[in-house]
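Since every read-out is calculated from the coordinates, none of them should be taken as a lab result. Predicted model only: the values in this text are computed from it and were never measured. Heads up, the Cβs are rebuilt from the backbone with ideal geometry, glycines too, and the neighbour counts pull from every protein chain shown.
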């Protein structure tokens with residue numbers, strides 16, 4: 001029976017659900033675990049990118065998560081979700097493909113890189129997301145965390161180890177361009193490659209190339225999911 005004192009939240013999981021995708025299996029578990037820790041009642045709704053045709057489709061949600069498994073069926077739907085969260089101070093979480101597309105949306109709509117492109121789906125344009133030097137499909141690696149960030153507060157550590165399932169990351173040229181932007185790099189791998197970003201002008205806008213939600217499959221907490229839900233409840 002639901003505790004009447006609990007805060008009730010509605011969150012949208014933006015992406016093209018596939019029961020075979022490990023991250024998609026993990027996300028509900030991570031949310032349920034985080035909600036229990038925070039004593040929140042959380043309703044999560046899978047929202048396919050093809051069903052996001054305007055910002056009206058996102059109205060009424062307290063938080064948005066652009067989930068892994070790209071390329072998305074409707075890239076414009078993914079961008080709409082990122083833009084809506086960014087412009088309306090809606091707590092936003094992006095993982096893997098969500099990280100890549102959050103960066104693309106920012107490049108196009110904030111930095112004016114209208115031809116910002118993703119090498120997985122684009123053959124022309126200014127490549128912002130490019131193939132990784134070494135694949136991170138089913139790999140784990142250490143991430144160094146910037147102090148005084150949502151990431152550092154969530155984990156309470158200077159470095160963490162998390163798992164990946166990806167082949168694409170941030171292009172070196174774009175990484176240099178970000179140095180003067182409020183979209184800050186907050187996590188790096190041991191070679192200095194970008195693995196997490198946060199928009200410092202936003203209450204909670206965090207995206208990671210790593211898939212921290214997978215911790216839930218092993219019965220471990222996902223600290224960033226807790227932080228995201230906490231932000232949505234305050």
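Just a few scattered comments:
- Cβ-based exposure ranking for 220, 214, 195, in which fewest neighbours within 10 Å come first: 220, 214, 195
- Taking the chain as a Gaussian network of alpha-carbon nodes connected by springs under 10 Å, the highest mean-square fluctuation of the residues 62, 20, 189 belongs to 20.
- Likely footprinting exposure, 166, 134, fewest C-beta neighbours within 10 Å first: 134, 166
- Long-range tail of P(r) for the stretch 16-65 (Cα pairs > 18 Å, %): 40 percent
- Cα-Cα pairs of the chain separated by more than 32 Å (percent): 11 percent
- The calculated 222 nm mean residue ellipticity attributable to helices in the chain amounts to -8500 deg cm²/dmol, summing -39500 (n - 2.57) over DSSP H runs of n ≥ 4 and dividing by all residues.
- Zone of residue 234's modelled label, taken as backbone nitrogen in the stretch 38-57 under 14 Å from a point 7 Å along Cα→Cβ: 38-39
- With neighbours defined as other Cβ atoms within 10 Å of a residue's Cβ, the residues 80, 95 order from fewest to most as 80, 95.
- Crossing angle, helix 97-109 versus the chain [Cα axis fit, 0-90 degrees, rounded to tens]: 60 degrees
- Choice from 117, 78, 59 showing the highest fluctuation, given a GNM over the chain with Cα pairs closer than 10 Å: 59
- Between the stretch 187-234 and the stretch 36-62, the alpha-carbon centres lie 18 Å apart.
- Sequence-distant contacts, meaning Cα pairs under 8 Å at least 6 residues apart, place the relative contact order of the chain at 22 percent.
- Crossing angle, helix 22-38 versus the chain [Cα axis fit, 0-90 degrees, rounded to tens]: 50 degrees
- Selected from 138, 161, 43 as most flexible by GNM, with the chain as the system and alpha-carbon contacts under 10 Å: 138
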